[in-house]
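In what follows, a structure is listed as structure tokens, so that the remarks can point back to it.
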Amino acid sequence: MRSEEDVATETFEASDPVALFKSWLKEAEATEPNDANAMSVATVDNSGLPNVRVLLLKDVDVDGFVFYTNLKSAKGTELEASHRGALCFHWKSLRRQVRVRGDIELVSNKEADAYFATRPRGSQLGAWASHQSTEMESRDSLIEAVMELDKKYEGQDVPRPDHWSGFRLSPLSIEFWINREFRLHDRRMFQRKTPVDQWLTERLYP
Ligand SMILES: Cc1cc2nc3c(=O)[nH]c(=O)nc-3n(C[C@H](O)[C@H](O)[C@H](O)COP(=O)(O)O)c2cc1C
């Protein structure tokens, strides 16, 4: 593994934070025991109370960071109201953190359909069967619902439910954090006012 010094040099020389994020994610995929793409996703409810949970990052490019979920869930309704959120990746094997904040919009139906079609059939049925974030009487009711749906769609492709789709966070800030000795960590912040502006960048005290 590269030294923290080498990583810090690369991080402070980089001009494209999305490309830098992708290179860190690639390294994490080789070193994390599982789910290197897991991230905490923070939203805020309509009273201003923050909410946070772990989701899987499914795509990332110049347009932003994409994840998929149930639109009627707590996060789905919170994002529908606020259109803003934050992500935090922590790779313990690398001792690095990336924080991302920005505006969040639904992906297109075409994009969501294409991703849904790649999911295992069981996960597709689960997306129909789970009323995510609402009270469930028993696990049996969930399993029965999946079995009924399996019969309903026997011999057919499972269509994407209208209540299940993706969100894209368009980053306005991306911060890279590298563990260094004596808690004298390195932090590099990239910020821009809108997604069409150039990135401005600075070092932050740890
Ligand atoms: C490693 C991991 C990955 C997860 N990935 C997702 C995901 O991609 N989409 C999702 O809706 N929930 C995912 N979950 C479940 C969420 O953390 C959460 O329990 C669920 O989405 C309900 O959140 P909400 O009530 O805040 O809407 C994941 C949980 C873990 C621990």
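Values in this text are rule-based calculations from the coordinates and carry no lab data. Nothing here was measured: the structure is a model prediction, and the numbers come from that model. Glycine also receives a Cβ, built like all others from the backbone with ideal geometry; neighbour counts cover every protein chain displayed.
The condition (being within 15 Å of the ligand (Cβ to nearest atom), of a type in the set (Val, Ile, Thr) and within 11 Å of the chain's Cα centre (by Cα)) is satisfied by just one residue among Val60, Val44: Val60.
Checking the conditions here, which among Glu144, Glu154 is assigned to a loop (DSSP other than H, G, I, E, B), farther than 18 Å from Lys75 by Cα and not small (Gly, Ala, Ser)?
On the way: Glu144 fails: assigned to a loop (DSSP other than H, G, I, E, B).
Answer to the check: Glu154.
The criterion of at least 3 residues that are touching a Gly at 6+ places or on another chain (Cβ under 7 Å) and surrounded by 15 or more Cβ atoms within 10 Å (Cβ to Cβ) is met, among helices (runs of 4 or more DSSP H) falling completely within the stretch 58-138, by 109-118.
Which of the residues that make up the stretch 166-206 are basic (Lys, Arg) and either free of Cβ contacts under 8 Å to residues at least 60 places away in the same chain or assigned to a loop (DSSP other than H, G, I, E, B) (or both)?
Going through the stretch 166-206, the residues basic (Lys, Arg) turn out to be 168, 180, 183, 187-188, 192-193, 203.
Scanning the stretch 166-206 gives Arg180, Arg183, Arg187, Arg192, Lys193.
Within the span defined as the stretch 61-80, every residue fails to be on the phi > 0 side of the Ramachandran plot and without any contact (Cβ under 8 Å) to a residue 60 or more places away in the chain.
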